[in-house]
Amino acid sequence: MTFESQMVRDARIDVGAVLGVVFRRLPRIAIVTVGLLAATFAVVMFMPRLYESSASILVEPRSNIYFRSPGEQVPTSPSADAGVVSSQIELIKSRDTLLNVIDKLDLRSVPEFNGAGGGGFSPIAIVSQLLGRKAAPVSVDEVVLNTLYDRLTVIQERDSRIISVLVRSTSPQLAADVANAVASAHVARRTQLSLSDTAEASGWLADEIAKLRVSVTAAETAVANFKVDNDLFIGTNNTSLADQRLSTIATQITAAQERKNTALSRAALIRGLIEQGQPIDGVADVRESVVIQQLSQEKARLQGEKAQRAATLLSNHPTILALTAQIAELNNQITLEGRRVADALEAEAQIEADLETSLQADLTRAKSSASTATQDTVTLDGLEREAKAQRDLLEGYLQRYSEAMSRTESNSALPDVRVVSVAAPAVSPASPKTALILLAVGIVALATQLGIIIFGELMSGRAIVPLREPERPQDELDEVPFIEAELEPEQRWEEPSDRAMLEPAPDEDFEVAFEPDLEPEPQFEPEPEMAEVPPVMPAEPLAPVPDPAELEHLVESLARFGTTEDVTPAEPAPVHEPAAAPVPDSLPGVIGLASLSSDLVLGRTHLLILAAHSDSADCAALAEELVADALARGLSVALIDAGSAQAGDEPGLSDLSTGTASFGDVVQKSADNSFAEVAWGQGTIIDRDSTKPLTLVEALGDIYEVVVLMTGRVGSASTLPMFYDLEGRLVLVAGDDDDLASVARSREQLLAAGFDRCEVAAAPARVAA
């Protein structure tokens, strides 16, 4: 809401009066403006016409394949283009460049530049004449330079490396000639600078080459002498002899080890086959024995003969027995021969082992000699690196010296600037710009006069008028958002008498502390016929102590509902409050819907607990009205259903109490995303022993401005005892058909159960028009 001070509300600027003064003075404004335009036009007509010509210079490294040496790389563009171009601009405006232009065009004899034509006086001389001082004598060169500098403009084109040289003169041709001369003088100067740099580099390279020749010779001589003195000779593949010897001995040792291991493996194989009684004919070393070959052939012959005789003779025949004995003897001989072969292999392995031992001794001696050679090699490598560095540097200097000398002798230097656009004589004058000058003078004249007129009116006070409050009807002035009976006694959280609560004093004054856009609601009167309400079964007060970790998890889960900005309030709309029927004086603690709504809006009530007398739908109807009023005021609202016992598709309190859903799962946005809502859930009952519902309500109370909790119909099945420890406002909702006496008894039972306060409110359906 925007508030204004009393001073601002009491006075306003009369815009109509200010515009009237401006309209009355329009003739004078027009005359003054036209007069200024005429004077300006006359002055402009007598000003000399200056023509402007422009020449363009491109700043970039230049290279040509025919001028570039084989080893020279293509020049790249400098990284700091802005700095390079700025440096070129300063060189163009330098004194040496402009003196070359003056000499080339003989500007000393031009009246426009030497001061003889009236346009060459410097500003210092003019100021001195105006002050009556006699200026010191100035040379012609200084006058021409100052005039040329005043007529010269050098700028960089936007986002490019192109420099524009702009020259103004009373003669179009002279302006073009001067611009071209400045550009050409700059290019020639850059060329001369490149050649002089190349010549200086050639002299420096010649001196360095002479010194490097001596250094390279001394370094290479030191390398050769060190090799001879330390016997560091190089063999094939650029490897020292010591290293080659070590490599050869290591290879021989490896080969001897392989042969030894192979011989031992074969001998072990043959002995294993013999011990296991298996034939050894399949071993390659056995097959290669000549004796075994002969024994095998004889064995094969005897086996064939035995097979031939066995066809006609019995197994115990002497001939068969003799052949069997001969075959057995051959097998014994083959076995003995196999053992001899194994012994031969073991002997061969022993030989290889001895050879390996000898090679190991040779390797040890070679390592001893190679260690000394390695230490000497470190020194040799350092000498070679030094010689190579000196030699490479000498070769590079020689190549650069040859290139520099060729460029200097042939004067073939490519400067880093070149003229890309030649200036041409201008057709129309560049200054003065008559149209722009007249437009600027007209706008300034109009703005100045209008500002003076408006400022004068405001300073005189004629444009400031008092603000009168419009007349309002008396009934509109007396209209208040809530009746006095609902604002005075009940908002102080006192238990008033029936008559004092229902009928306010006629002359009683009260203040309305909130915006007056809620309509007053009369008190309701219950009908005489009401159904009997079963007595409330009070339960033991629950005093749950939530786990801090669980409560922290709850706050994190509800982060998406955590602030008022997260809840999108509905568009403010007029609050609809149905007319209430009169209520008899015998029912105490009665409170109207408007009073409840005002308490929620004004912050007197933060947590509202609704308990239905006979039907849970009465709680839902009253909660709907209260939530709508709070949302219309831009408050954040949370609606909790703990009493409808109607299972739905979304998880709710019943699922939270049984542990099937988490805190973040049960809090949902409403259908229109205007408030947070906790449904009954998918279960049929709420676990009375669970402390999670109470923890959830307390957490929502810390997050939202208004929390409405519906506990359903009072009785043994009510969930009201679970929320006994909440510091909320308990309201018993009576329906259309409820008996007033029964409602009063239910209220007394709730008070007897330990609740500090219990009020009675009528459901909206009861008092609907």
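FYI, it's all coordinate maths here, none of it is from the lab. From a predicted model like this one, the values you see are computed outputs, not experimental measurements. So basically every Cβ, Gly included, is an ideal-geometry build from the backbone, and we count neighbours across all protein chains shown.
Of all lysines in the structure, those lying under 30 Å Cα to Cα from Lys669, and not within fewer than 8 positions of it along the same chain, are Lys692. Run the reach check for Lys93 against lysines, Cα to Cα strictly under 23 Å, same-chain hits fewer than 8 apart removed. What comes back? Cα-Cα hits under 23 Å: Lys104.
Peptides 384-392, 708-716 ranked from most to least packed by the mean count of surrounding Cβ atoms within 10 Å: 708-716, 384-392.
Shown here for the range 593-688: GluC sites (Glu not before Pro) in loop regions (DSSP other than H, G, I, E, B) with at most 15 other Cβ atoms within 10 Å, of which there are none.
The order of the peptides 644-656, 724-736 by mean Cβ neighbours within 10 Å, most packed first, is 724-736, 644-656. Take the Cα of Arg340, go 7 Å toward its beta carbon, and the backbone nitrogen atoms of the range 293-323 under 14 Å from that spot belong to 293-296.
Is the shape of the range 238-410 rounded, prolate or oblate, going by the alpha carbon gyration tensor and its root eigenvalues a ≥ b ≥ c, with a/c under 1.5 for rounded and a/b larger than b/c for prolate? It comes out prolate by the Cα gyration axes. Couplings 3J(HN,Hα) of the range 288-295, computed from phi: 6, 6, 5, 5, 5, 5, 5, 5 Hz, in residue order, whole Hz [Karplus 6.51 cos²θ - 1.76 cosθ + 1.60, θ = phi - 60°; x for Gly and Pro].
If only the Cβ of Lys and Arg carry +1 and only the Cβ of Asp and Glu carry -1, the dipole of the range 238-410 around its Cα centre is close to 580 debye.
Close amide H contacts of Val590 (hydrogens built in the peptide plane, cut-off under 5 Å, sequence separation of 5 or more or a different chain): Val760.
Once backbone amide H atoms are built at 1.01 Å from N, Asp687 has Ser657, Thr658 as its partners under 5 Å, excluding neighbours fewer than 5 places away on the same chain.
Give the shape of the range 269-340 as rounded, prolate or oblate, defined through the alpha-carbon gyration tensor: a ≥ b ≥ c are the square roots of its eigenvalues, a/c under 1.5 means rounded, and otherwise the shape is prolate if a/b is larger than b/c and oblate if not.
prolate
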